[in-house]
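Participant: Here it is, the structure, as structure tokens.
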Amino acid sequence: MLTTRTLQEADRRAFVRVMSAAFAQDPLFLDLFGEDHRQPMAAHWRAVFFAYLFDRSRIAGHCLLGIFDAHGSLLAACVLEDSARRGPVLSLAWRALRLLPRLPWRSMRLLNAYIRRTRHAAPTSHHHYLTMVGTLPERQGQGIGTRLMHGLIDAARLSGNMQAIALDTENAANVPRYEKLGFRVSQRLRVSETDVYCMLLTL
């Protein structure tokens, strides 16, 4: 039996573990941090990034959802941002400053370029932005990520105050999967060595 719920502070370590594994072969993260077998620090840098993402999302009041198995183990998670919610500026700035010395300078520059260009491609109207959605590699292909996506889409539609959900994927194989959920490619970008598909679902 699977359960979907909002992630709490106690889920931080599980979130980092799941997302670090889910994105180990993602083209953007390979460009950011390198391959595990070539760069000994790659797994550590991914973990640092996802710990920052978890903390930042909780401070900003964004939605952190997870799917758990019957034993309470996290299998999949996502981060869904509200485009109109900014959060406490000073706290977020302090978190970002603390991240700087913990990741390579090249990775930070590339990450900033990626965020700047993809957010520019997002709609100007009030929307959700799906920052990340990931499933443990050994549980992929079992419909868990799709279940999570259906849940957040339904929740966004019920909220009644959003016009769209935007997301970006660097994996071309994910494009048809998102299209089956109603997303369409709105723009295609090239950031460093990575092709990015900006997608949009109108609610």
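Participant: Of 125, 107, 186, which residue is in a loop (DSSP other than H, G, I, E, B), in contact (Cβ under 8 Å) with a residue 24 or more places away in the chain and not aliphatic (A, V, I, L, M)? Can you show your working first?
Facilitator: Details: 107 fails: in a loop (DSSP other than H, G, I, E, B); 186 fails: in a loop (DSSP other than H, G, I, E, B).
Only one candidate passes the filter, namely 125.
Participant: Ok, one more. Kindly provide the set of residues from region 137-151 that are buried (at least 19 other Cβ atoms within 10 Å of the Cβ), of a type in the set (A, V, I, L, M, F, W, C) and in contact with a strand residue (DSSP E or B) (Cβ under 6 Å, 6 or more places away or on another chain), ordered by number.
Facilitator: Residue satisfying the conditions is 148 alone.
Participant: Please work out if residue 1 is assigned to a loop (DSSP other than H, G, I, E, B) and either of a type in the set (Ser, Thr, Tyr) or in contact (Cβ under 8 Å) with a residue 12 or more places away in the chain (or both).
Facilitator: Criteria met by residue 1.
Participant: Please indicate, with yes or no, whether at least one residue in region 173-183 is in contact with a helix residue (DSSP H, G or I) (Cβ under 6 Å, 6 or more places away or on another chain), touching a residue at least 60 places away in the same chain (Cβ under 8 Å) and outside any strand (DSSP E or B).
Facilitator: Just the residues of region 173-183 that are in contact with a helix residue (DSSP H, G or I) (Cβ under 6 Å, 6 or more places away or on another chain), to begin with: 181.
Remaining after also requiring touching a residue at least 60 places away in the same chain (Cβ under 8 Å): none.
No, the conditions are met nowhere in region 173-183.
Participant: Quick check, is residue 130 surrounded by 14 or more Cβ atoms within 10 Å (Cβ to Cβ), in contact with a strand residue (DSSP E or B) (Cβ under 7 Å, 6 or more places away or on another chain) and outside any loop (DSSP other than H, G, I, E, B)?
Facilitator: Criteria met by residue 130.
Participant: For region 194-201, check the following and say yes or no: at least one residue is surrounded by 15 or more Cβ atoms within 10 Å (Cβ to Cβ) and more than 21 Å from residue 32 (Cβ to Cβ).
Facilitator: Yes - at least one qualifying residue is present in region 194-201.
Participant: Restricting attention to helices (runs of 4 or more DSSP H) lying wholly within region 12-92, give those where 3 or more residues are surrounded by fewer than 19 Cβ atoms within 10 Å (Cβ to Cβ).
Facilitator: On the way: elements: 12-22, 27-33, 42-60.
The helices (runs of 4 or more DSSP H) meeting that bar are 12-22, 42-60.
Participant: Do you know which residues across region 66-101 are more than 22 Å from residue 13 (Cα to Cα) and charged (D, E, K, R)?
Facilitator: 82, 85, 86
Participant: What about residue 49, is it within 17 Å of the chain's Cα centre (by Cα) and either free of Cβ contacts under 8 Å to residues at least 24 places away in the same chain or more than 17 Å from residue 132 (Cα to Cα) (or both)?
Facilitator: Criteria not met by residue 49.
Participant: Then there is this: Look at region 53-110 and say how many of its residues are at pLDDT below 95, hydroxyl-bearing (Ser, Thr, Tyr) and farther than 19 Å from residue 156 by Cα.
Facilitator: Total meeting the criteria: 1.
The values are calculated or read from the model by the stated rules, or taken from the named source; none is laboratory data. Values in this document were obtained by computation on a predicted structure and should not be read as measured data. All Cβ positions, glycine included, derive from the backbone under ideal geometry; neighbour counts span all protein chains shown.
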